[in-house]
Structures are given as C-alpha cells and as structure tokens.
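Coordinate-derived values only; no laboratory data. These numbers were taken from a predicted model, which means no experiment stands behind them. Using ideal geometry, Cβ is built from the backbone for each residue, glycine included, and neighbour counts are taken over all protein chains shown.
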Amino acid sequence: MSRSAPAIVILGNGSLNTARRIQQCYPQAKIHGLTERVDGADLTYSDFGATVRQLYQHDTPIIVLCAAGIVIRTLAPLLLEKGAEPPVLAVAEDASAVVPLLGGLGGVNDMAREIAACLSIEPAITTSGELRFGTCLLNPPAGYALGDLELGKRFVSDLLAGESVRIEGDAPWLAKAQLPEDQQARLAIHVSSAAREPAVDELLIYPRNVLLRVAYEVSAHAMRDALQEAKLAWQSLACVVADDSLLASAGLRDAARELGVPLRFVSADAPEVSAVWRQLSNGLTLGVAAAPVDPQQIGRPRGRLAVIGLGPGAADLMAPAVKAELAKANDVLGYETYVRMAGPFRTDQVLHCTDNREEMQRARHAFELAVQGRSVVVVSSGDPGVFAMAAAVLEALHASTDPLWHSVDLEMLPGISASLATAAQAGAPLGHDFCVMSLSDNLKPWSIIEKRLDLASEADLALAFYNPISRSRPWQLGRALEIVARHRAPHTPVVLGRDIGRPGQTLRTTTLGEVTPDQVDMRTMVLIGSSTTCSFPRAEGGDWVYTPRWYGEKP
Ligand code: SAH
C-alpha cells in the first residue's frame with residue numbers, strides 16, 4: 001500500500017527548523033502551522049485539535065512537533081472508533097526524539113526510523129517483535145496478506161519467548177530479518193497461495209498473486225467456490241478482472257467489495273496478464289502469477305463521480321460520508337471558494353478550480369475524468385441538489401450518448417442546505433410547510449419568479465430565498481418583498497443569516513415591514529415567516545423564531 005504524504009504539524013516558530021529537516025525526508029509533506037504563531041508554514045490552521053483529528057480521519061500520516069501527551073489526548077476520542085489508523089508520531093521540537101505513537105500496522109516504525117535517520121538520532125521504537133527481529137511479522141509488505149491477526153499475535157509472542165522458526169515458501173522481505181531460523185522448528189511461517197487450515201504453530205502469509213477473470217456477472221459466493229475448486233486461499237486473490245462491458249454491474253461491484261479486492265476492467269482485446277491461466281468448471285478463468293500482482297497495473301477501475309454537499313461551511317456539519325469521499329478523491333472540481341473549504345488535500349489530489357458560472361463545462365469535465373477510472377468529486381456548498389451541481393451533472397449525463405459516461409459510478413452525497421442551517425440557528429421558522437426559491441433570474445425569467453412569489457405568498461407558505469441579491473441583480477429583492485407584503489402583515493418575522501456556519505457569521509431577526517434590501521447580500525439567506533410564524537426573546541439575547549406545527553385552529 002502506498003502511503004500518502006505526511007502532514008507535519010507545528011505549534012510555534014521554534015519547531016520550524018526541525019519541521020524543515022523532516023520535510024527533506026518527505027519532500028511531498030506540507031508543514032501545517034498555527035495561524036499567528038508560525039510564519040512561513042506551507043499551510044495554516046487555527047484549531048489544533050480539529051486539524052489533527054481531520055488529518056487522522058483522512059488517513060494522513062501525521063508528524064506532530066509537540067509533547068506526545070498532547071497528541072494522545074487530541075486523538076483519544078477517535079481511537080475507539082473503527083476506521084483509519086494512519087501512522088502518528090510525536091517529534092521533540094529540538095529534534096532530539098522521535099516517538100511512534102499509532103499506526104503500528106501502517107508502518108509507523110518505518111517512518112520513525114526514516115525521520116530518526118534524517119535527524120541523526122535513535123528512534124524510540126517500543127514494538128518488541130520489531131526490536132528483536134528487525135521486522136514486523138504481522139505487517140507483511142505490499143502484495144502479501146496476513147492470514148489472521150489474532151493467531152499472528154500469539155505466534156509472535158511464542159517467538160519472543162525464545163522459540164525458533166522455519167520459513168516455508170518465498171518470503172524475500174524476511175531475508176534481511178534476524179529470525180531465529182531452524183529447519184526443525186515447531187513454528188513455521190508459510191508463504192503460499194494454497195488454501196490451508198490455520199494452525200497455532202503456523203503464521204500464514206498469502207502472496208496476492210491470484211487473478212479471477214470474469215466475462216459475466218458473478219457473485220462473491222461463486223468466486224469463493226472457484227478459488228476453493230482450485231485449492232487456493234481467497235486471501236491470495238489480488239483482484240477481479242472483468243470485461244469493460246461489465247463496468248456498470250452493481251452485482252460485480254458488490255462481490256468484489258465483499259471479498260475486499262479491487263475490481264479492474266479491461267477491454268476484450270487487452271493483452272493478457274502474465275500468469276498461468278486455467279478454466280474452471282463454472283466458466284470462470286483463474287490465473288496464478290509467479291509473484292504478487294499489483295492490481296494498479298491491470299486495466300483500470302470503474303470511475304467514480306460523487307457530487308457532494310459540504311454543508312454551510314463548519315467542518316462538524318459535514319456528513320462523514322462526504323469526508324470519506326473527499327479522502328479517497330483523485331480529482332476535486334468546483335468553485336474555488338468551495339474547493340478550498342473542502343480541504344486540506346494531499347499533494348497527490350488534483351484540484352480543478354473554476355468559475356462559479358461554468359457549471360455544465362465542469363460537469364462534463366468531471367465525467368471525462370471519471371471515465372479514465374479516477375475517483376472524482378464535484379463540490380457544492382450546502383446540499384448539491386439545491387441550486388447547485390447535482391442537477392447540472394445529471395443534465396450533462398442525460399445529454400450524453402457515451403456508454404462509458406453512463407457506466408460511471410455516480411452518487412450524490414447530501415449536505416445541510418443554507419436554509420436549514422439558518423433556520424436551525426434562528427429556531428424553527430421552517431417548522432411548517434415552506435417554499436424554497438432562488439431569486440436569481442439568470443436561468444429563469446423574472447416573470448415566473450414573480451408568479452411563484454405571488455402564489456407561494458398567497459398559499460401562506462413560509463419562504464426561503466437563495467441568491468437573494470447581487471451586484472448584477474440589484475432591484476429584484478425589493479420587488480420580491482413588495483409581492484410578499486401584499487399577502488402578509490408587516491410584523492411577519494424575517495430571518496437574515498449571513499455566512500452561517502462560516503467565520504464571521506451573523507444572524508438577524510427583523511420583520512417584513514422593516515427589512516430592506518441593503519441589509520442583504522449574496523452570502524445571505526432570507527427566511528420569511530408565514531401568518532403563524534412568531535418570535536419571542538431568548539434569555540441569552542436575540543429572539544427565537546418558529547412556525548408552529550399546527551395550522552388553523554390551535555389544537
Ligand atoms: N447549494 C447551496 C445553495 C447554493 S445557492 C445550499 O444548499 O446551501 C447560493 C446561495 O445560498 C447564496 O446566495 C445564499 O443565499 C445561500 N447560502 C449559501 N451558503 C450560505 C451560508 N453559509 N449562509 C447563508 N446563506 C448561504
């Protein structure tokens with residue numbers, strides 16, 4: 001597994017020197033410095049805890065130049081969650097110590113040794129097996145899979161207790177290890193793709209050198225049967241290789257996911273992968289290569305396109321599914337402000353920032369990238385389906401006759417829309433039926449906006465206005481308020497939320513009689529109550545605004 005570039009996190013200028021020395025060891029790494037405390041960092045942050053936790057959740061290796069205890073306490077809330085566990089290291093600000101803290105199976109000790117070498121110090125390695133044998137037996141290199149972690153731990157502790165070991169099979173990475181080898185040993189390390197019952201005195205390591213070639217949709221069950229028929233361990237399966245014609249097969253996608261292997265696609269006339277191939281009784285073709293196979297070298301994956309909503313801006317209002325999608329993205333497209341809001345990104349992620357008005361072009365560009373097998377994210381603020389990119393992406397797909405575009409794994413991931421984020425801060429102004437409108441007449445005639453305003457106001461729906469005003473649309477909001485005022489009393493509550501969920505947010509409660517367009521700009525959400533919307537003072541200042549659940553006679 002290739003590791004992404006680490007993040008080097010520092011809290012003060014005193015650490016900059018050491019950070020730069022570590023950066024020489026990882027040229028791709030970025031130095032993240034605390035705003036106002038660090039001059040000359042590559043990136044700045046203002047909240048240490050949130051930054052470190054977000055990096056961790058994005059599976060980014062983290063090198064923090066501060067006390068180990070601070071790092072431990074910062075990450076503690078995440079440690080019980082199952083999920084990413086990237087390498088995490090604490091390094092002394094004066095470059096005198098490097099302490100691997102987390103990510104034992106992700107190569108943290110290797111990183112500690114690399115950093116220590118570049119700082120000319122000894123790393124504080126505490127993993128017994130590694131100290132004794134010079135390698136972590138439970139973390140075989142890329143291309144090999146450990147049979148069973150729990151049995152493995154027991155095996156290593158037997159070795160540490162002084163037993164010797166035999167190596168059966170081809171384990172080139174163990175040649176350099178200092179293992180107490182003995183051909184008569186009870187304990188054995190088996191490296192082979194053959195199916196084998198796990199036993200306590202054996203450490204099973206499987207080379208991922210088996211390929212399954214499929215020409216039609218096959219279940220995980222059938223794939224397992226195929227391997228069993230060939231007497232091969234399913235852990236040795238490197239990937240499933242399918243015909244291009246199966247790109248859109250959900251069944252195949254689920255089967256590969258169930259087996260935990262990549263699914264790669266090749267055209268029918270693609271050159272064969274070098275392996276010993278054989279036909280199985282159920283029509284599947286199975287290949288065994290001489291050495292582990294890197295799936296990245298075979299064909300390409302099914303491209304993915306996710307249209308995501310960032311929510312209003314605050315990181316904690318972003319859905320975990322959206323964060324996970326951003327972490328696995330190869331390409332990120334969107335309006336520059338939103339792309340920046342979606343970061344930080346790794347150096348291997350490609351950002352395509354465009355002007356806000358180039359929606360259709362951006363949507364087509366996203367498909368062009370996705371059909372190459374890339375994982376593409378298109379970002380919107382709030383929810384992608386509310387006056388944002390999801391509809392543009394579907395319009396581009398609808399207009400396309402390219403079967404490859406239609407076979408892209410397309411998904412929309414929702415976000416908290418500005419109207420809902422603003423409503424939540426004000427109380428519950430949208431607690432009953434409401435109508436959402438964009439006041440922009442860029443993509444629709446003003447006459448239809450007036451008509452809808454008139455009818456929605458007459459229908460006594462609470463109203464949420466997106467795109468209420470801009471420099472090129474200066475008069476429209478005033479006109480809209482006039483239309484609403486024909487149907488609603490001047491004391492009707494109005495909420496103005498500006499930059500909600502972002503730094504410097506403001507929330508203002510006023511009334512229909514008092515609101516004026518100059519209190520509103522293009523970063524403002526306008527909520528107008530219905531006839532039942534009311535407000536009352538809240539203890540901490542300001543007002544609560546809500547629209548009751550009932551209508552008509554109070555129950
Ligand atoms: N997809 C977005 C809306 C895009 S339209 C969503 O679901 O929120 C852009 C308009 O949304 C802006 O003109 C403004 O009216 C509103 N808006 C977006 N983010 C906002 C925020 N953080 N605070 C207040 N209004 C916001």
Work out how much length GLU458 to ALA539 would gain on full extension: take 0.36 nm times their residue separation and subtract the Cα-Cα distance, in nm to one decimal. 25.7 nm
Those helices of the chain passing the 15 Å axial Cα length cut-off and the mean Kyte-Doolittle cut-off of 0.0 (DSSP H runs only) are 68-79, 108-119, 149-160
By the 4.7 Å beta carbon criterion, which cysteine residues of the chain come out unpaired? CYS66, CYS136, CYS239, CYS353, CYS435, CYS534
So how far, in whole Å, is the C-alpha centre of the stretch 349-418 from the one of the stretch 44-65? 28
Among 254-266, 4-16, 30-42, 381-393, how do they line up from the highest to the lowest mean number of other beta-carbon atoms within 10 Å? 381-393, 4-16, 254-266, 30-42
Which whole-angstrom value gives the distance between the alpha carbon centres of the stretch 98-160 and the stretch 488-555? 58
Quick check on the chain: of the DSSP beta bridges with both residues there, what percent are antiparallel, nearest 5%? 40
Between ALA195 and ARG473, how many nm apart are label points set 7 Å from Cα along the C-beta direction? 6.4
Alpha-carbon Rg with Dmax, taken over the chain, Å: 29.2, 95
Which far-off residues, 5 or more places away or on another chain, put their amide H under 5 Å from the one on VAL9, with H placed in the peptide plane? HIS32, ILE63, VAL64, LEU65
Over all Cα pairs of the stretch 7-126, the Kirkwood radius sets Rh, and Rg/Rh then becomes 0.93
Please report TRP277, TRP405 as a ranked list, fewest other C-beta atoms within 10 angstrom at the top and most at the bottom. TRP277, TRP405
So, by mean Cβ neighbours within 10 angstrom, what's the order for 55-66, 139-150 with the highest one leading? 55-66, 139-150
Once the dipole of the stretch 395-471 is set up with Lys and Arg at +1 and Asp and Glu at -1 on Cβ about the Cα centre, which of VAL408, CYS435, PRO468 lies farthest towards its positive end? PRO468
Report the full-extension gain for the segment LEU78 to THR516: residue separation times 0.36 nm, less the Cα-Cα distance, to one decimal in nm. 153.0 nm
Using 0.36 nm per residue, how much length does the chain from GLU272 to LYS451 gain when fully extended, once their Cα-Cα distance is taken away? 58.1 nm
Computed label-point distance, nm, for sites SER400 and ARG502 using a 7 Å Cα→Cβ extension: 3.0
What are the ³J(HN,Hα) values, in whole Hz, obtained from phi via the Karplus relation 6.51 cos²θ - 1.76 cosθ + 1.60 with θ = phi - 60°, for each residue of the stretch 432-437 in sequence order, with x given for Gly and Pro? 10, 4, 9, 10, 9, 9
Count the DSSP beta bridges whose two residues both fall in the stretch 275-412, then state the antiparallel fraction as a percent rounded to the nearest 5. 20
Distance between modelled label sites at SER438 and ALA175, nm, 7 Å Cα→Cβ extension: 6.2
Shape parameters for the stretch 321-388, alpha-carbon atoms, Rg then Dmax in Å: 11.2, 31
Rounded to the nearest 0.05, what FRET efficiency do GLN184 and LEU280 have when you use their Cβ-Cβ distance and R0 = 41 Å? 0.60
Could you sort 455-465, 221-231 so that the peptide with the highest average Cβ count within 10 Å comes first and the rest follow in order? 455-465, 221-231
Just to be sure I understand: of the beta bridges DSSP finds with both ends in the stretch 7-126, what percent are antiparallel, rounded to 5? 20
Provide Rg and Dmax in Å for the stretch 144-207, with only Cα atoms included in the calculation. 10.9, 29
